[in-house]
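Worksheet for the structure shown next.
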Amino acid sequence: MKAAAGIAVLACLTAGCGYKVGGQPDLLPATLKTICIPAFGNATPRYKLTESLPGAIGREFLMRTRYRVVPEMGEADAILRGTVLNYTSYPTIFDQKTGRAAGIQLSVFLDLQLLERESGKVLYERRNMEIRGRYEVAVDQAQYFDESNAALQRVSQEVARQVVSSVLEAF
């Protein structure tokens, strides 16, 4: 009886289930070795976000994948293009004493497209991708400083994580 149970467990462990671990970069062509991430287009008044996104996404590709990020499109096997479509921010928490905003929610909407440089073939595309972030605002005037730029940096990092994950998983 124990031997039969052991054989059943062994059979289950060695049998393939058909699933793969998520995040494996094999969903993209094996010939892809280098990616260029040019400046993103910007349809918003927030220029700092589009300045930081390509660098943040490039760092994320370098940390999590086998791909090299190159500065020139002519050196790349693929080009990741992006456009920030919209940026919204609004208060979500208010200080009860002063009525001032104490917490801000922000959303960034962007279009992404990864193209094979030689053929122009679309390898990945995501329209109207939304990334959300939050930050707090000091309600005491003496302690107040503008947190929005630091929040945009954090949002850039979150965008980078989500972009690389979605490109790798073709989600």
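General observations
- Residues in segment 137-151 include at least one that is buried (at least 17 other Cβ atoms within 10 Å of the Cβ), over 17 Å from I57 (Cα atoms) and either at pLDDT below 85 or touching a helix residue (DSSP H, G or I) at 6+ places or on another chain (Cβ under 6 Å) (or both).
- Scanning segment 32-49 for residues that are assigned to a loop (DSSP other than H, G, I, E, B) and either at pLDDT 90 or above or surrounded by 14 or more Cβ atoms within 10 Å (Cβ to Cβ) (or both) returns L32, K33, I37, P38, A39, F40, A43, T44, R46.
- Hits in segment 64-89 - residues which are part of a strand (DSSP E or B) and either within 22 Å of R154 (Cβ to Cβ) or in contact with a helix residue (DSSP H, G or I) (Cβ under 8 Å, 6 or more places away or on another chain) (or both): R68, V69, I79, L80, G82, T83, V84, L85, N86, Y87, T88, S89
- Any chance T98 is within 27 Å of V137 (Cα to Cα) and either assigned to a helix (DSSP H, G or I) or modelled with pLDDT under 85 (or both): yes
Results for (1) β-branched (V, I, T); (2) in contact with a strand residue (DSSP E or B) (Cβ under 8 Å, 6 or more places away or on another chain); (3) outside any helix (DSSP H, G or I), shown as yes or no for each residue.
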| position | (1), (2), (3) |
| --- | --- |
| E51 | no, no, no |
| G58 | no, yes, no |
| L62 | no, yes, no |
| I93 | yes, yes, yes |
| F109 | no, yes, yes |
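- Enumeration of residues in segment 99-127 that are surrounded by fewer than 16 Cβ atoms within 10 Å (Cβ to Cβ) and acidic (D, E): E118, E125
The values are calculated or read from the model by the stated rules, or taken from the named source; none is laboratory data. As the structure is a computational prediction, the values presented were derived from the model and not from experiment. In this analysis, Cβ positions are derived from the backbone assuming ideal geometry, glycine residues included, and neighbour counts consider all displayed protein chains.
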